[in-house]
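S.K.: Structure incoming, see below.
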Amino acid sequence: MTQQVKFRKAEIKDRNIIWEIIQQAIQRRKADGSTQWQNGYPNADTVESDIAKGFGFVLTVDEAVAVYVALIFNDEPAYSTIEGAWLSNGEFVVVHRVAVSEEFAGQGLVKKLFEHIEDYTKSQGVQSVKVDTNYDNIAMLKILEKQGYSYCGEVVLAGGVRKAFEKIII
């Protein structure tokens, strides 16, 4: 039987499962030896704020929340200063806080998530998707490479240097 995968805005009723998924991702990053997400961010307040502002999105598999992401339009102050150069200066969607449930890890859902993010970005008439990640987040670096994101340089975010990427969508 085929799984039904859907992309939708996160709702307040999703808050607890999203926070659980983020906690799993924090532990996974720690187990991988990463410093990303090891300083109290993101936290439960971050999730609530994302949902309240309409930034939170989920990928569901047969109605179960499997992946969480925050999508923010044209607003990431850290991106205004890049050691390098963005591909574009137009409107963009920022991808933050990608987290996959342990139950669904390793099933290619982040690849599907990025496909949905790009479709959503196009549907909003927005030119590109920008994203950053830690140097030691090997899984995300591989996904960005496979999905055709271009390395643009470094940004400083949450007190650390991050690798920054962009993909022109339209």
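S.K.: Mind telling me which of Gln36, Gln24, Gln107 comes out most flexible in a GNM of the chain, alpha-carbon contacts under 10 Å?
M.R.: It is Gln107.
S.K.: Once the principal axes of the Cα atoms of the range 24-168 are found, what is the range along each, listed largest first in whole angstroms?
M.R.: 38, 34, 31 Å, listed from the longest principal axis down.
S.K.: If I model a spin label at Ser80 and Ala105 as a point 7 Å from the Cα along the Cα→Cβ vector, what separation in nanometres do I get?
M.R.: 3.7
S.K.: What is the percent carbon and sulfur in the accessible area of the range 1-112, measuring with a 1.4 Å probe over the protein chains and ignoring ligands? List each step's numbers first, then the result.
M.R.: On the way: 2870 of 5980 Å².
About 48 percent, which is the carbon plus sulfur part of the accessible surface.
S.K.: At a Cα cut-off below 13 Å, give the aspartates and glutamates reachable from Lys122, other chains included and same-chain residues fewer than 8 away excluded.
M.R.: List returned: Glu91.
S.K.: Okay, moving on. Suppose the Debye formula is applied to equal point scatterers at every Cα of the range 1-100; what is log10 I(q)/I(0) at q = 0.10, 0.23, 0.24, 0.25 Å⁻¹?
M.R.: -0.32, -1.20, -1.23, -1.27
S.K.: Here's a follow-up. Please state the charge dipole magnitude for the chain, taken about the Cα centre, from unit charges on C-beta atoms (+1 on K and R, -1 on D and E), reported in debye and rounded to the nearest 20. Kindly include the intermediate steps, with their values, before the conclusion.
M.R.: Working: 19 positive and 23 negative charges, 41 e Å.
Value, rounded to 20: 200 debye.
The values are calculated or read from the model by the stated rules, or taken from the named source; none is laboratory data. In this text, all values refer to a predicted model and were calculated from it rather than measured experimentally. Note that we place each Cβ from the backbone using ideal geometry, even for glycine, and neighbour counts take in every protein chain shown. Side chains are part of the model used for accessible areas, which takes the heavy atoms of the whole protein and leaves out ligands, DNA and RNA. Shrake-Rupley method; radii C 1.70, N 1.55, O 1.52, S 1.80 Å.
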